[in-house]
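Report on the following structure.
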Amino acid sequence: MVCSGLAAGVTALFNAPIAGFLFAFEVFTKRKSKLHTASVITAVLVSYVLTRYFFFKQIFSFNVSVWNNAALPYFVLLGIIAGFNSVYLTKSVLFFKQFFGSLNNDLTKILAGSLLISALVFFFPSLYGEGYAGINNLVKLTPETAMAMILPLLLVLLVKPLATSITLGVGGDGGVFAPSLFIGAFLGLIVCTMLNHFFGLHLIVVNFIVIGMAAVLSGSLHAPFTAIFLVCAIADNYMLFVPILIASLVSKFVAQFIFPYTVYTYKAPVMEKARRFLTRVKI
């Protein structure tokens, strides 16, 4: 039921039924029973039909129309950098969860987290909320404006994982799904802007924003196929399928090589040791 709800939620939010299905199996469960698979498929189909024809509203407005084969090496570069950013996000979340979890006084925990989050949002208003409005605003920036704002953009890229981690650490609602899309969009814009400015390239900014979203999400969740189909659904076409595939796979392998866990799987080794111990005791 939990996996079915997760799959239906992703489907409803992004109008991405394939991504919703893959999200349940890539991230949360490896079960392959017929009943389990059928329940997830049913939830996804019902969610898709209801939201598609009655409630759905496009969150992002991307105008993706073309990409150039000559940009493939830069998509790989974006994937590598996204892998490092994904690990930064994952380790930040784990660190702050452990730090705030060590505080015994709930009032101290809430006050400290609230002050930190308030300070970050005051200096960086784009951190407020899930960040979808900030992503849409990136597309509107001209190359000259983006280059002039490169330092603030870099600072947002650095502090967004901290804001997310503090929020989760003190018990706030949320996860790494929306923050990964936000970080990826900013990363894609920064990488594209700097390559165009310093090396005289003519890379398409919106393509890098979209591909960056998929790459960071893939690295954060270790779920490349979820990221691929989700971002293709967000872009409302599959024009960038090949570059998204490349960047997502590169990001996932880089992130997994550096740190083999996500925020959802980090406790797995501990649980495995406990299972083995209990098995030995039973024997």
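The values are calculated or read from the model by the stated rules, or taken from the named source; none is laboratory data. In this text the structure is predicted, and so the values were computed from the model without any measurement. Heads up, the Cβs are rebuilt from the backbone with ideal geometry, glycines too, and the neighbour counts pull from every protein chain shown. Please note that ligands, DNA and RNA were not included when accessible areas were found on the heavy atoms of the full protein model with its side chains. Shrake-Rupley method; radii C 1.70, N 1.55, O 1.52, S 1.80 Å.
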Cβ-derived FRET efficiency at R0 30 Å, Phe199 paired with Ile258, nearest 0.05
0.70
Total formal charge among the other residues, if their Cβ is under 14 angstrom from that of Leu189, Lys/Arg +1 and Asp/Glu -1
+1
Pairs from Lys109/Lys160; Lys57/Lys252; Lys109/Lys267; Lys160/Lys267; Lys97/Lys160; Lys91/Lys252 whose Cα-Cα separation, in the structure shown, is over 27 Å:
Lys57/Lys252
Mind checking which aspartates and glutamates have their Cα closer than 18 Å to the Cα of Lys34? Skip sequence neighbours fewer than 8 apart in that chain.
Glu26
Please report the carbon-and-sulfur percent of the accessible area for segment 7-53; probe 1.4 Å, protein heavy atoms only, DNA, RNA and ligands left out.
73
Could you work out which residue, out of Leu120, Leu181, Leu111, moves most in a Gaussian network model of the chain, that is, has the largest mean-square fluctuation with Cα springs under 10 Å?
Leu111
So how far apart, in nm, are the two label points at Phe241 and Phe122 if each is 7 Å from Cα heading toward Cβ?
5.0
Let me have the relative contact order for the chain, percent, based on Cα pairs under 8 Å that are six or more residues apart.
26
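Over segment 97-167, with every protein chain in place, what whole percent of the accessible area is carbon and sulfur at 1.4 Å, could you tell me? Intermediate results must be reported in sequence, preceding the final value.
On the way: 2990 of 4230 Å².
Its accessible area is 71 percent carbon and sulfur atoms.
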For the chain, return all DSSP H helices satisfying: extent of Cα atoms along own axis at least 15 Å; mean Kyte-Doolittle hydropathy at least -1.0.
2-14, 34-50, 72-101, 106-123, 150-169, 177-199, 205-221, 224-235, 241-258, 268-282
Which entry in (1) 19.6, 69; (2) 17.5, 51; (3) 18.9, 54 matches Rg and Dmax of the Cα atoms in Å derived from the coordinates of this structure?
(1)
I'd like to check one number: the per residue accessible area of segment 181-247, probe 1.4 Å, reported in Å² as a whole number.
27
